[in-house]
Amino acid sequence: MYQELQSYDDVEKLMQRYVDEVFLDQPFFRTLLSGEWDNRLLIYFAQQYQHYSANFPRVLGAAIAAMAPQDRWWIPLADNLWDEAGRGIAENSHARLYRSFLQSVDASSPQWYPHPDYWPQMGLSVQGALETFIRFFRTSSPLEAMAAFGLGSEFFAGQVMGVMAQGLAHPQYQKNGPVNTTFWDIHAKHDEPRHYALCRSILCEETTRQNYSRILDIGQYIAGSEARMYGGLYQEAQNL
């Protein structure tokens, strides 16, 4: 099916083509970048993505559990988890960084954000993306898990989060005060490129022409789930 896959670089080229098609060309991102979101959509997205962000350490834990019992396999994911914790600096934890974004768009969030039991209910789109990730890791081989996390998420995470930061900086969204995009900027410019580089080193070592198609299929499967999450959030907001 993928006769052009002669190297890992070829896998990345087809993966990028897929990301361009299923992420950046959907209404969620097009309307964000053009300043078409209303306040209802902006707040709904911020409230829902908090669930995804808060559960991401669980995703990392599931991925680590699927890794081979060798440090070169689990260290790239443990490094990612350490970033979630702010690398030991409490105010740099991703939970706190996300809260700074959420509070800049949702004035009501300080009342309920410290108490997860009172968070707005998780929607089906975010729930589906999280369950797809964690369910996959339960039965995957170490290489399949690395492909899911590396190609299916980290490969394009910096790009997507950079688009989020760019879109959220649109003047249309600053009318009620400046949107704090630090959470998105740090991921796009610093964290995600390093995370993928660590995963990539394993994938380059462990993949051959015999399994290039398999890891590309896995990457597209997981990435497709995340793309559907964004599309679903856009549709859910329309139905509020």
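The values are calculated or read from the model by the stated rules, or taken from the named source; none is laboratory data. Everything quoted here is computed from the prediction, not taken from an experiment. Quick reminder, even Gly has a Cβ in these numbers, built from the backbone with ideal geometry, and neighbours come from all protein chains shown.
When R96 is tested against (1) surrounded by fewer than 16 Cβ atoms within 10 Å (Cβ to Cβ); (2) not in a helix (DSSP H, G or I), just one condition goes unmet, and that condition is (2).
Within region 51-73, none of the residues are of a type in the set (D, E), surrounded by 15 or more Cβ atoms within 10 Å (Cβ to Cβ) and on the phi < 0 side of the Ramachandran plot. Taken as a whole, the structure leaves I43 outside the set of residues that are of a type in the set (A, V, I, L, M, F, W, C), in a helix (DSSP H, G or I), touching a residue at least 60 places away in the same chain (Cβ under 8 Å) and farther than 21 Å from V160 by Cβ. Of all residues in region 164-174, one or more are farther than 20 Å from A54 by Cα, of a type in the set (G, A, S) and at pLDDT 95 or above.
Please tell me if S201 is at negative phi, part of a helix (DSSP H, G or I), polar (S, T, N, Q) and loosely packed, with under 15 Cβ neighbours inside 10 Å. Spelling it out, S201 is indeed at negative phi, part of a helix (DSSP H, G or I), polar (S, T, N, Q) and loosely packed, with under 15 Cβ neighbours inside 10 Å.
Within region 114-139, residues that are among the aromatic types (F, W, Y) have Cβ atoms under 6 Å from residues that are part of a helix (DSSP H, G or I) in these pairs: Y118/W112; F133/V59; F136/A148; F137/A62; F137/A63; F137/A66; F137/A145, counting only partners at least 6 apart in sequence or on another chain.
Where helices (runs of 4 or more DSSP H) fall wholly inside region 118-190, the ranges with 3 or more residues that are charged (D, E, K, R) are 124-139.
Residue-level check: of (1) in contact (Cβ under 8 Å) with a residue 24 or more places away in the chain; (2) surrounded by 14 or more Cβ atoms within 10 Å (Cβ to Cβ), P171 misses just (2). Against the criterion of being at pLDDT below 95 and outside any helix (DSSP H, G or I), A68 qualifies.
Is it the case that region 46-53 has a residue that's under 21 Å from R194 (Cα atoms) and either of a type outside the set (F, W, Y) or at pLDDT below 95 (or both)? Yes, region 46-53 contains at least one residue that is under 21 Å from R194 (Cα atoms) and either of a type outside the set (F, W, Y) or at pLDDT below 95 (or both).
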